[in-house]
1. I need the full set of residues from region B:27-51 which are surrounded by 14 or more Cβ atoms within 10 Å (Cβ to Cβ) and among the acidic types (Asp, Glu), in order please.
2. Looking only at region A:73-125, how many residues end up being in a helix (DSSP H, G or I), surrounded by 24 or more Cβ atoms within 10 Å (Cβ to Cβ) and either of a type outside the set (S, T, N, Q) or out of contact with any Asp or Glu (no Cβ under 9 Å at 6 or more places or on another chain) (or both)?
3. One residue is enough: does region B:79-89 have a residue meeting the conditions within 22 Å of B:Arg151 (Cβ to Cβ), in contact with an Asp or Glu (Cβ under 7 Å, 6 or more places away or on another chain), in the same structural domain as B:Pro118 (by TED's automatic domain parsing) and not hydrophobic (A, V, I, L, M, F, W, C)?
4. Report yes if B:Glu164 is assigned by TED's automatic domain parsing to the domain that holds B:Ala15, charged (D, E, K, R) and surrounded by fewer than 24 Cβ atoms within 10 Å (Cβ to Cβ), otherwise no.
5. Could you say which residue among A:Arg218, A:Arg207 is of a type outside the set (Asp, Glu) and closer than 26 Å to A:Gln96 by Cα?
6. For region B:57-68, which residues satisfy the criterion of being closer than 14 Å to B:Lys34 by Cα and touching a residue at least 24 places away in the same chain (Cβ under 8 Å)?
7. Do we find that A:Leu270 is within 10 Å of chain B (Cβ to nearest Cβ) and at pLDDT below 60 in this structure?
8. Of everything in region B:367-379, what is modelled with pLDDT under 90 and of a type in the set (D, E, K, R)? Give them in sequence order.
Amino acid sequence: MFSSWVCDPALGRPVDWRCEDIAGFVSTAFPKLAGVVPASRLEVRPAPEMAPSGVPELDALAGGLLRGHLTEVCGAASSGRTSMLLAALAAATQRQEACALVDVSDAFDPASAAAAGVDFGRLLWVRCGKTFSPQRHRDTEKNKKSEMREGHDFSRAEKRAKFQRALAPEGAKTEQALRAVDLLLQSGGFGLVAMDLGDVSVKLARRVPLTSWFRFQRAVENTPTILFAVTPVPCAQNCAALLLRVQSSVVSRQSSGKLSAIGSHLSEKLAHTQILEGFRVEGEILRSRFSGGRIARSFTSRVERKPVQSVTAAFTTKAVRTG
Amino acid sequence: MPFACIFVPDFPVQAVLRAEPGLRSQPVAVLEGKTPLQKVFAVNEKARRIGVEPGMPRLQLEECGDLALRPRSSLAEEDAHATLLECAQTFSPRVEDDACDTLLLDLAGLEALFGPPPKIAHDLRRRVSELGVEANVAVAANADTAVLAARGFSGVTVIPEGQEAERLGSLPVDVLFMRGHGFQPSHSPDGASEAQDAARLLEILERWGIHDLRSLAALPEVALSERLGQRGVFLQQLARGATFRDLVPVEEPPVFEKTIELEYPLVLLEPLAFVLSQLLQEICARLAAYALATQELTLQLELADGHFDDTGTDCVETGFHPAQPNETRQPFTRILHLPVPLLDPKVFLKLLQLDLNANPPGAPIRKIHLTAKPTRPGAAQSGLFLPPSPEPEKLELTLARIAGVVGSDHVGSPELLDTHRREGFNMQRFAPREPETAAKSTTSVVLLNGKSGLPSQAKRKICSCLESEKVADFSSPLAPRNDNPSGLSFCGTTEAAPSLKLPSFGNAQGAHNLVTALRIFRPPVRAVLTIRDGKPAHIMCSKRETMQGEILWTAGPWRSSGDWWEHEGWARDEWDIAVQEKSGIALYRLVRNLLGGEWLVEGSYD
C-alpha cells in the first residue's frame, strides 16, 4: 500500500497518510482534480493464463502462448514459423482442446501435421481461396453435368476449377480468412485459433486493417482462446501481446553422418548422399506485453515496447524424411 | 370399465370389396396361393350360400358362374386395417390392435363425450360402415367377452355387466378358437401347431357333447382341469366371461412433420424464412412436449413449373411442355445432418437459411414439407476442469457460415488416406470429440501452467501430489523432461537459476516432436530446371519471381510411384533444393513427374 509522510500544519509534525487520505486531501484542496483517479488506484491488469506452445525453448523464453491474446509469429519463407504453428496445434490438440486453422493460402500439409502429432479429430481446417458464390456454383455444377453427358474427360473440369482457383485474387483469400477468423472467435470455445498468412505478400499482409486485428483482440479478450497468427512481417502492431520473429538455418546430413549448415558451403557433387535433417530455428521476442519466462521477464516486464536487449532462443526441427 | 370390440367378418373379402364396391352384390371368393394350387381363403355371405367354403381348390369353383374370384391383396387389407384403426382412435385414445380384423377399444370415461356405451357402439358401426366396411360391434364390461360377442353376434351387441355368461351361452364353442387374420399368408410352425391344438380341443369337446359356451361354462372346473389342463380352465373362464386382462393400446410413433401449401409461389428466400420459422417452432414445440430433440431435418420444397432467371428475382412460367406433358418436377430436398441432437428453432432456421443460400432451389416454391427425425436429447455436462470446446449449436452455425464463405468442401477436418499419392487426404465433417477425462486435463493444466486460475493453495497441493507420485507425463511433448538443460520447470518447484542454454543441433531435447513443416503449393508451381551433373542446378519460375536462381544445395532424388495397377498411376522423383532469396535461404520440394516429364515445385519447407 502506498503511503507518504505529509507535514500536518495543525499538528506541526509529520503524519502517516495513506493514499486514500491523500486523494481526499487533494480533492478538497484542488476541486478541479476531484475526478482524477490516482494511478495507484487503477485496476491492475490480471496476468494472463499461459499455455505451452509445444516448443520448450519458446516456453522458457516467453512463458508460452497467451490465452485471450494474440500471438504473432513473423518470418520469411523457410524460417520455421509453420513448424512452430504445427507444434502449437499439436500441443493444443493433445490438451484435448478444439483448434481451428484458417489457411489463407491453402498451404497446410496434413502429412507434416500428422508427423508433428496434431490430432485431426480436434482440428478444424478452413481452406481459403475458393471462389464461391451460389450462382457460379450452380453454373459449375451445370457445366460438370453437361460434360458428363457429353462424355468429356473429367480433367477438363478439374483444370477449369484449378484455373478459377488460381484466378482468385490474393486479397479475396485474405478477406475470406478474416471473415472466417471473425466467425470462429465469435463462436467461442476454441482453445487455439490460428491464422496462417505466411504465403501472403508483404504488401497485402500490411494492408490487413488494424481494425480487424483490434476486433480479433477484443473478441479473444477474457476468453481461454489463443489467437495465433503467422505472418511474413509484423502486421498486428500493438494488438499482438507477443510478437516473435523467427529465422532459421537449414542443416543437412551427409552420408558420412556429418551435419552441416547450408549456405556455409557450396553444394556437394553427389546429391543423393545428402538428406535434409531439419531447421535450426532462432526466435526473437520483438514485443511482449506479458512475459512469463524468467529470462524474458527481466527485460520486458509489463513493457509494451521492444526489449532493450535482444531476447532470443533457438530450437531445432526434424524433417519427416529423417524419421 | 366398458370395452368395445370391432370385428370385421370375412375381412380379406371386405378389404377387396372396399376397393371394388361394384362386387358387393355378387358372391366373392378370395384366393390364396400360387396359380395352379390356389385355394379359397375367404368368402362373403353370398358365396357361402352357394356352397363355397374356405379351403376349396380353384378347380372346384369353375362351375360357379357368378362367383367373382380375386387374389388376396395384402395392400388392400393393410389399407382397410389402417382406416379402421384411425376410425377407432377417433373414439378412444386407448385402442388395442388385437388382430387384422379385430380392434378393442377402452370406453372408460367416454360417456361424457359420446354418450352411453350402446350409443357409442351404434356410432362406431355407422362410422365403420361409412368407410366401406361392415363390422360387428360388441360392448361388454370385459375385454375378452367383448371380443367373443363381436365374433359371435352380428350387428351391435351390448352385454350388461353380470350377464356375460348368460349372453355368451348361446354362442358355439368354435368362437373360442377363432383367430384373427394376418396380413400375410401365415405358414409358420407356431400357427400350424396352434391350429392343431385348437382342432384337438374342439374334437374333444365335440365328443363330450359340448356344443355351446353355456355347456362349457357349466362343466365342473376341477374335472375340466384334470382332463384339459389349464388351457381348458382358461376356455371355461372365457365362456363364463370371467377373465380379466389389461388392454395393450397401440402407440403410434409420433411423427414430427409439417406441411404448408402456399397460396402463391415464393420467389425469394427471405419470405420463405418466415414460413420456415413458423414450421420449425411448431415442430420444436411438439418435440419438446415429447422430451425429444432432432438430429436430422429434411426440407422438401415442391417447386412450381417455372424457372428462375439467373440474373434476378423474376420467375418465368414455362407452362405446358409439349415434349414431356406428364413430367412432374421432383421435389427439391435438403437434409441437414446435425452432429448432436438439438432443439432450437432459431439455430435450425439459420442453418436452413445458410444451406438454401448456398444451394438455392432454382424455382418458385409452392409447397413446403418439413420433417424432423426425433432422437433423445444429449445429456452431457462438462466438467469444471475440462478444456474448452465449442457449443454444438454455435459450432454448427459457425461451420455453416464459414461454408458459405469458402465453400462446404473447404471446411472440415483432414483425414489421411493410406497412400503415398500427393494430396492423400480427405475432408471430413468437423465434430470435435468430447474431452476424455477430467483428471488428465487437470494434470496438464497444472503441470504446464502456473497461472491456471486455480487457487494458489490448490495449485500447490496438486503440484506436491504430482511430485510425490511422480505422475508427470514425460511421454507428452508438452511436459518438461528431466533432462531439460535449462532447468526450467513449469511447476515452479525447481529453483535452479535458469540458464538459457541453446540446445546444440542434434540434441533430442525439445526437438523430438518438432517437425519441419512443409507448405504445399496448391496447385504445384511449374518450373524450368537446368540440370548439371545429373542434378538440378538452376531454377526459373515465371509465377513466383522469388523462386529463381542458382540452387545452393540439393538432396535427392527420392523416387516413388504407385497406383500403376489402376488408371491413374503416378511416378515421381522428389528433390529437396535450397535457393538463395532476398530474405535468406529458402528450401523447396521439387518434383519431377516421371510420366509427364515436367518439373513442379510442390511446396516449401518452413
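The values are calculated or read from the model by the stated rules, or taken from the named source; none is laboratory data. Values in this document were obtained by computation on a predicted structure and should not be read as measured data. Ideal geometry is used to build each Cβ from the backbone, glycine not excepted, and the neighbour counts take in all protein chains shown.
1. B:Glu32 - this is the single residue of region B:27-51 that is surrounded by 14 or more Cβ atoms within 10 Å (Cβ to Cβ) and among the acidic types (Asp, Glu).
2. Within region A:73-125, residues that are in a helix (DSSP H, G or I), surrounded by 24 or more Cβ atoms within 10 Å (Cβ to Cβ) and either of a type outside the set (S, T, N, Q) or out of contact with any Asp or Glu (no Cβ under 9 Å at 6 or more places or on another chain) (or both) number 13.
3. no
4. Working: assigned by TED's automatic domain parsing to the domain that holds B:Ala15: yes; charged (D, E, K, R): yes; surrounded by fewer than 24 Cβ atoms within 10 Å (Cβ to Cβ): no.
For B:Glu164, the condition - assigned by TED's automatic domain parsing to the domain that holds B:Ala15, charged (D, E, K, R) and surrounded by fewer than 24 Cβ atoms within 10 Å (Cβ to Cβ) - is not met.
5. Details: A:Arg207 fails: closer than 26 Å to A:Gln96 by Cα.
Going through A:Arg218, A:Arg207 in turn, just one is of a type outside the set (Asp, Glu) and closer than 26 Å to A:Gln96 by Cα: A:Arg218.
6. To start, the set of residues in region B:57-68 that are closer than 14 Å to B:Lys34 by Cα comprises B:57-59.
Across region B:57-68, the qualifying residue is only B:Arg58.
7. On the way: within 10 Å of chain B (Cβ to nearest Cβ): yes; at pLDDT below 60: no.
Criteria not met by A:Leu270.
8. Scanning region B:367-379 gives a single hit, B:Arg376.
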